[in-house]
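As structure tokens, the structure follows; a few thoughts come after it.
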Amino acid sequence: IYQTNLNQIDTDQDGYLDGQEVINFYDPQTAGGVKLTANTVTVKKYTNLDFGYSVYYPATWQVKNVGEGNQEVIFDSGAGEFIGVSVQENLNNLAVLDWYLQSMPGVNPSQIQKVQLGSREAIKSLDGFSVYLTNAVGNKNYIYTITYNIGNKTEVSFKATFAMMQKSLEFIH
């Protein structure tokens with residue numbers, strides 16, 4: 001995806017592992033702090049104006065709108081795995097933790113991992129394959145879910161890409 005050398009963990013030999021560079025938006029094939037987002041051969045920016053967000057994704061992946069009105073978007077790796085972003089209305093305007101606990105009855109609150117995505121608090125699912133956060137668009141409040149679906153595979157192939165996509169999520173107004 002990122003045109004790295006599969007036989008090396010640090011393709012550009014700058015002292016930073018390729019996966020960590022991807023997560024932090026640096027091009028793992030070019031030393032000197034070159035931003036990954038400057039290389040449109042490896043990543044592109046998807047913008048969803050209906051629900052006010054943008055996210056970076058691998059340029060070789062296919063983007064598919066599968067929900068009505070861009071409510072669910074899938075970034076398909078072509079290898080049986082995909083990362084999706086879905087949006088649903090947060091009818092009671094709950095904080096993300098309260099929404100998660102209401103949506104997942106029986107979950108022990110002490111098991112929930114809180115993470116920061118930019119300036120927003122997010123909740124990670126117990127299996128680590130979904131992240132939830134809230135945002136208002138106009139006069140409506142929404143829950144945004146970023147999910148990594150590994151299909152029928154038993155190993156995760158795109159862990160750094162999933163982390164990069166979460167970190168790249170920005171809300172636009």
- Query: (1) modelled with pLDDT under 95; (2) closer than 21 Å to Phe51 by Cα: which one isn't true of Val156, the others all being true?
  - Reply: (2)
- Here is a list of conditions, (1) touching a Pro at 6+ places or on another chain (Cβ under 8 Å); (2) surrounded by fewer than 20 Cβ atoms within 10 Å (Cβ to Cβ); (3) not hydrophobic (A, V, I, L, M, F, W, C), and Thr161 meets all of them except one; can you say which number that is? (2)
- Query: Do we find that Asn24 is of a type outside the set (Ser, Thr, Tyr), open to solvent by less than 70 Å² (accessible area, probe 1.4 Å) and either farther than 15 Å from Lys167 by Cβ or more than 23 Å from the chain's Cα centre (by Cα) (or both) in this structure?
  - Reply: no
- Task: Select, from Lys114, Lys64, the only residue that is open to solvent by 80 Å² or more (accessible area, probe 1.4 Å), part of a strand (DSSP E or B) and touching a helix residue (DSSP H, G or I) at 6+ places or on another chain (Cβ under 8 Å).
- Result: Lys114
- Note on the structure: Scanning segment 80-100 residue by residue, those open to solvent by 50 Å² or more (accessible area, probe 1.4 Å) and hydrophobic (A, V, I, L, M, F, W, C) turn out to be Phe82, Leu91, Ala95
- Please verify whether segment 37-49 includes one or more residues that are open to solvent by 30 Å² or more (accessible area, probe 1.4 Å), part of a strand (DSSP E or B), polar (S, T, N, Q) and closer than 17 Å to Leu169 by Cβ. yes
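The values are calculated or read from the model by the stated rules, or taken from the named source; none is laboratory data. As the structure is a computational prediction, the values presented were derived from the model and not from experiment. Note that each Cβ is placed from the backbone with ideal geometry, even for glycine, and that neighbours are counted across all protein chains shown. Only protein heavy atoms, including side chains, enter the accessible area calculation; ligands, DNA and RNA are left aside. Shrake-Rupley method; radii C 1.70, N 1.55, O 1.52, S 1.80 Å.
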